[in-house]
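To start, the structure itself, in structure tokens.
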Amino acid sequence: MATVFPSSSGGKENGAPKPTLLIVDDEDGPRQSLRILFKESYNILTASDGATAIELAKNNHIDVAVLDIRMAGMSGIEVLERLKYVDPSIEVVMMTAFETTDTIRQALRLQACDYINKPFDVATMRAAVSNALQRRTLENEIHNNAEQRQRLLDELQNQKMAEQMSQTRGEIYASIIHDMNGPLTVISGFIQLMSQRIGDSTQLDGEDVQFIKDRLKTITRQVTNCIEISRRYLGFLRRSSSEASMAKVNELLGDLGHLARVHPSLHHNQFAIDLLPTNMAVQVNGTDVIQILFNLTVNAFQCVSAPHSVKVHGAVLNAPLDLTTFKDGSRDRFLNVENFDNTAPLVRLSVSDDGPGIPAETLPKIFQPFFTTKGPTQGTGLGLNIVQRLVKEARGALHVHTEIGKGTTFNIYLAAFAVGP
Ligand SMILES: Nc1ncnc2c1ncn2[C@@H]1O[C@H](COP(=O)(O)OP(=O)(O)OP(=O)(O)O)[C@@H](O)[C@H]1O
Ligand SMILES: [Mg+2]
């Protein structure tokens, strides 16, 4: 049975709405004394059984509930669970009589915020309800702040996108890396916190599980942010790149420079780009060429941790290649020779490093998806697989030449045509 007791001031005091307190107890005595105790400061709802309490929670905005753990019919624990299901932000104070610590622990695991013994003394009960209300207000504030922050971030992101419409593709790529860095740093920090918390334990207690659940929520949010960032940028890049499937090589090399110079793997490596002596264009999606060269450049940066030199070099070839010389060996590997558009003039774009080189037994594997010699947190082994696919789509050819102790060069060949300066 439910009873609603609106306060004499119509639920408002000094203009501010009064909080609502739900009292659930199957005994009339405690129900009435709690009502009298709190009626000045709260709108009171009472219920004498679980089902009524759930109904009240569905139809009213309840701030705090005081709930007897032992009731006929639905137990207090079950009511607690269902109340939290209806509205996870309701703060619940449990009243206990002779419960075992197990029951109390169960209540706390289900997010009851406090428990007090029955018969209760007035001061303890007042303090418990007031603490619960404070906690509820605080959680609301945190929630509202987080929502407001997200709204502002979205607005900011949209403004940034509008500004970037006028920027070059290279700068947009740099922004993607930059924007992803924030969420990724948070994700990696939270993962570290969780693994520290878990340590060597093989079993987790309730508090640990809650700790991990809370952090997983943040991680999920940050992952969604990353997906959103890439979706927005890619949408923009596709739109602008599909308009022009012809790209000027020296502009692409300039864009690559912007992109590579902000990459964290650049470290203290020397890095230089030689443009074509006379600009040429290729009949390929510009973003694809940048992606090919960018993946090769990052690999070259990462081939050894000691400072070394990486060079991107553009050249124009005025005769078709002699493909009979393109034979795989222990130091050379060729891709897409059979579907290569070998029509002069050609451009050759080379990415070279003076790193350790690639061992003969590794060389045949480097284009396989997920093949990596880097640690699991460092490489996915997808970079060269993407390069291979894009070179094929562009009807280009690829030649990798490597020498142990001397370094590696990846050459990309593409059919080209002359353009103005
Ligand atoms: N310039 C290079 N010098 C030496 N080894 C290289 C070089 N480029 C690629 N490799 C080898 O080829 C492997 C595969 O490269 P790939 O780009 O596909 O993946 P990754 O760089 O390991 O990971 P990801 O690109 O996902 O970060 C590398 O792990 C490395 O062993
Ligand atoms: Mg790579």
| query | So, of the residues in the range 356-365 that are surrounded by fewer than 16 Cβ atoms within 10 Å (Cβ to Cβ) and assigned to a helix (DSSP H, G or I), which turns out to be nearest to ligand 1 (Cβ to nearest atom)? | reply | LYS365
| message | Which condition from (1) over 39 Å from the mean Cα position of the chain (by Cα); (2) buried (at least 21 other Cβ atoms within 10 Å of the Cβ) is the one that VAL249 breaks? | response | (1)
| message | So ILE412 passes all but one of these: (1) open to solvent by 20 Å² or more (accessible area, probe 1.4 Å); (2) within 15 Å of ligand 1 (Cβ to nearest atom). Which condition number does it fail? | response | (1)
| query | Taking interchain pairs and intrachain pairs at least six residues apart, which have beta carbon atoms under 8 angstrom, with the first residue in the range 366-387 and on the phi < 0 side of the Ramachandran plot and the second open to solvent by 50 Å² or more (accessible area, probe 1.4 Å) and among the aliphatic types (A, V, I, L, M)? | reply | PRO369/LEU382
| task | For PHE334, work out the one condition from (1) surrounded by 13 or more Cβ atoms within 10 Å (Cβ to Cβ); (2) within 16 Å of ligand 2 (Cβ to nearest atom) it doesn't fulfil. | result | (2)
| task | Please list, ordered by first then second residue, the pairs with beta carbon atoms under 9 Å, 6 or more apart or interchain, first in the range 351-362 and within 16 Å of ligand 2 (Cβ to nearest atom), second open to solvent by less than 20 Å² (accessible area, probe 1.4 Å) and aromatic (Phe, Trp, Tyr). | result | VAL351/PHE410; SER352/PHE410; ASP353/PHE301
| field | Which numbered condition LEU276 fails, given (1) away from ligand 2 (no atom under 16 Å from the Cβ); (2) assigned to a loop (DSSP other than H, G, I, E, B); (3) open to solvent by 20 Å² or more (accessible area, probe 1.4 Å) | value | (3)
| field | Any hit, the range 260-273, residues being within 17 Å of THR409 (Cβ to Cβ), within 15 Å of ligand 1 (Cβ to nearest atom) and open to solvent by less than 10 Å² (accessible area, probe 1.4 Å) | value | yes
| task | Could you tell me whether any residue of the range 392-399 is more than 15 Å from ligand 2 (Cβ to nearest atom), within 20 Å of PHE334 (Cβ to Cβ) and part of a strand (DSSP E or B)? | result | yes
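Residues are listed down the side, and each one gets a yes or a no for (1) open to solvent by less than 10 Å² (accessible area, probe 1.4 Å); (2) at pLDDT 90 or above; (3) farther than 19 Å from PHE120 by Cα; (4) assigned to a loop (DSSP other than H, G, I, E, B):
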residue: SER7; (1), (2), (3), (4): no, no, yes, yes
residue: LEU21; (1), (2), (3), (4): yes, yes, no, no
residue: GLN32; (1), (2), (3), (4): no, yes, no, no
residue: LEU37; (1), (2), (3), (4): no, yes, no, no
residue: THR46; (1), (2), (3), (4): yes, yes, no, no
residue: ILE54; (1), (2), (3), (4): yes, yes, yes, no
residue: HIS61; (1), (2), (3), (4): no, yes, yes, yes
residue: ALA72; (1), (2), (3), (4): no, no, yes, yes
residue: ARG82; (1), (2), (3), (4): no, yes, yes, no
| field | All positions within the range 336-355 that are closer than 24 Å to HIS308 by Cα, part of a loop (DSSP other than H, G, I, E, B) and more than 6 Å from ligand 1 (Cβ to nearest atom) | value | ASP354
| said: crowded, with 16+ Cβ neighbours inside 10 Å, in contact with a Lys or Arg (Cβ under 6 Å, 6 or more places away or on another chain) and more than 20 Å from ASP214 (Cβ to Cβ): which single residue out of MET125, MET95 fits that description? | reply: MET95
| query | Across the range 366-396, which residue is most open to solvent (accessible area, probe 1.4 Å) among those that are within 7 Å of ligand 1 (Cβ to nearest atom) and of a type in the set (Val, Ile, Thr)? | reply | THR373
| query | Among the listed residues VAL310, VAL316, VAL298, VAL304, which satisfies the condition of being more than 16 Å from ligand 1 (Cβ to nearest atom) and either free of Cβ contacts under 8 Å to residues at least 12 places away in the same chain or β-branched (Val, Ile, Thr) (or both)? | reply | VAL316
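The values are calculated or read from the model by the stated rules, or taken from the named source; none is laboratory data. Nothing here was measured: the structure is a model prediction, and the numbers come from that model. Cβ atoms come from the backbone with ideal geometry, glycine included; neighbour counts cover every protein chain shown. Areas reflect the complete protein model, heavy atoms only, side chains present, ligands, DNA and RNA absent. Shrake-Rupley method; radii C 1.70, N 1.55, O 1.52, S 1.80 Å.
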